[in-house]
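Okay, so here's the structure we're looking at.
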Amino acid sequence: MMSHRPSCSLPLPEWPWILQAALLPIFLLLIYGPLSALLIDTLGFIITEPDRALEILFLSSRRIGLLLQSIGLSAAVTGTVIAGGICAGSLIWQWRTGIGRYIFWAALLLIPLPFTVHALTWSTLLASAGILPGLLAPQQSVHPWLISWLVESIAFLPLGICLSTLAFELVDPDRIEAARVLCPDPRVFSRIVLPLASPLLFAGAGFLFVFCLIDYTIPSIYAANVYPFEIFAEFSTSYLPAAAFLLALPLLVVTVALVLLSQRPLKSVIQDSMWTRREWQPEFLLPGWFVAAQRAALGIFFLQAVLVIAVLVVLAGTSADLATTLLLAGPDSLTTVAVCLGATALSLPIALALASRLVEKKRISNAWWIAATIPLAIPPPLIGISMIGFWNTPGDISLFGTLAMPVFAVMFRFLPLAALIIAAQLRAVNPLLLDAASIFGRSRVTNFLTVYLPLILPGICIAAAGVFAFAIGELGATLLVIPPGHSTLTIRLYNYLHYGSSGSVAALGLMMTGIFLAIVSTGFLLVRRGLRTSRIHGDKPA
């Protein structure tokens, strides 16, 4: 039988709380320092130039149409991804004790793959099929919104599959078995399984909608103008952070509201998750049309994974051409690795401190949940704009114009995700092991290093691999804060996509994918090793 975690907070060693007192203010400074400075600058702008502020705040018919188009695209992508995720995720869940676990890890591996790589892959395929006359040619015969929906849906499909699989995993098997005594399998699945999985499905759909709405990478490649790109364009022409913030207000109202609504079921899932579970094999006799949809969704996922690598290899050309492109991108590669490593190393201790606050069952944890999830609703261009205003200060010692700026931008965007991942791992730790360590351990430091840290190591490894992988593909904020004379692989690839240099794009995309797969695969291998170690030490499923 499954056992639930006690309602008390996770017993942490005492000395890390000292680190929390130092690390949590750093989190607030990095995230809410730039946002506060942007808000103060906006208030001053409203006082000094009220007419201009009202003009920007006024929603013209063009901006209303642009916002509605962006919301429509995000809704279409979210609906497609969640539907595909439910189909493929339910099949992976039914195969959970066999091949399903490997498919799940493969989907998890593809989640942070940069959008620019997806855009290159499908642009090439559409051009070869005659749907596009050439790589990102301006006179395309298909509507840019339709192409953007297709590519974004395929790019987000691995995320939908993982969210759906996790949602089904959290369903109580005892309730399913009790219902199957009275009802046929199709009714059990529709009336029991789906409603029980719906909290995480709705939370995932909310965050997925926000991620689609605030990112402009894929739509801008296909000349589909979305609202976040309007923020970038406004700042590029006026260089007024306050004007960009006022322009972003309608978008922020939507994204912040959705994040706050979605974080409640996510919080419940993390804080009330089981640290032991009963192994079982769910087998359902479902209608033929749904089985066909399951296999189709899983087939699209496998096709996507194969096509990404195949198209990059074919377009990369000869080994000489590939070597030339990689040599020219050498400085950008070093910059990318430096930014990713710096952001990952600085994010992990702060994320661990924040995660320990998120799992507490106290009222103050509600405030920390809001503080941790609000950054996920900020459009990337606005993140870069706020950081420029905050860090661009006069003086001999200034971080503006250094590589610290893209590092902070990556931390702004992905540190909250790392904290949520580690928080989920904290709730998966068996408290009996920590109680035993506190009784028989030599010291608090020894207990932390030999017991507590190994138990949470899988979550730390996933968080580290996630931050590094997402940092490789970050574009919206980095594009504004990258210092002169430097660039990242994603920025170079984004520029190449607009110029239509397919060979160089493919070589660069292949290089990015290789780095990405190497880092994420290493993280997952460490996770599997950590899980195996935790089982050896007695933290086994009941």
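The values are calculated or read from the model by the stated rules, or taken from the named source; none is laboratory data. Quantities reported herein were computed from a predicted structural model and do not represent experimental measurements. No Cβ is skipped: glycine too gets one built from the backbone with ideal geometry, and neighbour counts run over all protein chains shown.
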*Those residues of region 465-491 which are in a loop (DSSP other than H, G, I, E, B) and either free of Cβ contacts under 8 Å to residues at least 60 places away in the same chain or of a type in the set (S, T, N, Q) (or both), in sequence order*: 485, 487, 488
*Quick one: count up the residues across region 310-319 that are modelled with pLDDT under 80 and assigned to a helix (DSSP H, G or I).*
6
*What number of residues within region 55-92 satisfy the criterion of being farther than 22 Å from residue 206 by Cα, in contact (Cβ under 8 Å) with a residue 40 or more places away in the chain and not in a loop (DSSP other than H, G, I, E, B)?*
5
*Would you call residue 480 surrounded by 21 or more Cβ atoms within 10 Å (Cβ to Cβ), over 21 Å from residue 373 (Cβ atoms) and modelled with pLDDT of 85 or more?*
yes
_Condition check: more than 13 Å from residue 415 (Cβ to Cβ), of a type in the set (Val, Ile, Thr) and under 18 Å from the mean Cα position of the chain (by Cα). Does residue 359 satisfy that?_
no
*Report yes if some residue within region 204-213 is within 26 Å of residue 104 (Cβ to Cβ) and more than 14 Å from the chain's Cα centre (by Cα); otherwise report no.*
no
*asked:* Among the numbered criteria (1) closer than 30 Å to residue 41 by Cβ; (2) buried (at least 22 other Cβ atoms within 10 Å of the Cβ); (3) modelled with pLDDT of 90 or more; (4) of a type outside the set (Phe, Trp, Tyr), which one does residue 263 miss?
replied: (3)
*How many residues does region 280-296 contain that are under 30 Å from the mean Cα position of the chain (by Cα) and at pLDDT 85 or above?*
7
*State which residue is surrounded by the most Cβ atoms within 10 Å (Cβ to Cβ) when the search covers only region 218-230 and only residues that are hydrophobic (A, V, I, L, M, F, W, C) and in a helix (DSSP H, G or I).*
218
*Please identify the pairs in which a residue from region 220-244 that is closer than 15 Å to residue 57 by Cα has its Cβ atom under 9 Å from the Cβ atom of a residue that is outside any loop (DSSP other than H, G, I, E, B) and among the basic types (Lys, Arg), counting only partners at least 6 apart or on another chain.*
227/63; 230/63; 240/52; 243/52
*From 203, 179, 233, grab the single residue that is at pLDDT below 90, within 17 Å of residue 79 (Cα to Cα) and part of a helix (DSSP H, G or I).*
203
*Go through region 127-148 and count every residue that is at pLDDT 75 or above, part of a helix (DSSP H, G or I) and surrounded by fewer than 22 Cβ atoms within 10 Å (Cβ to Cβ).*
3
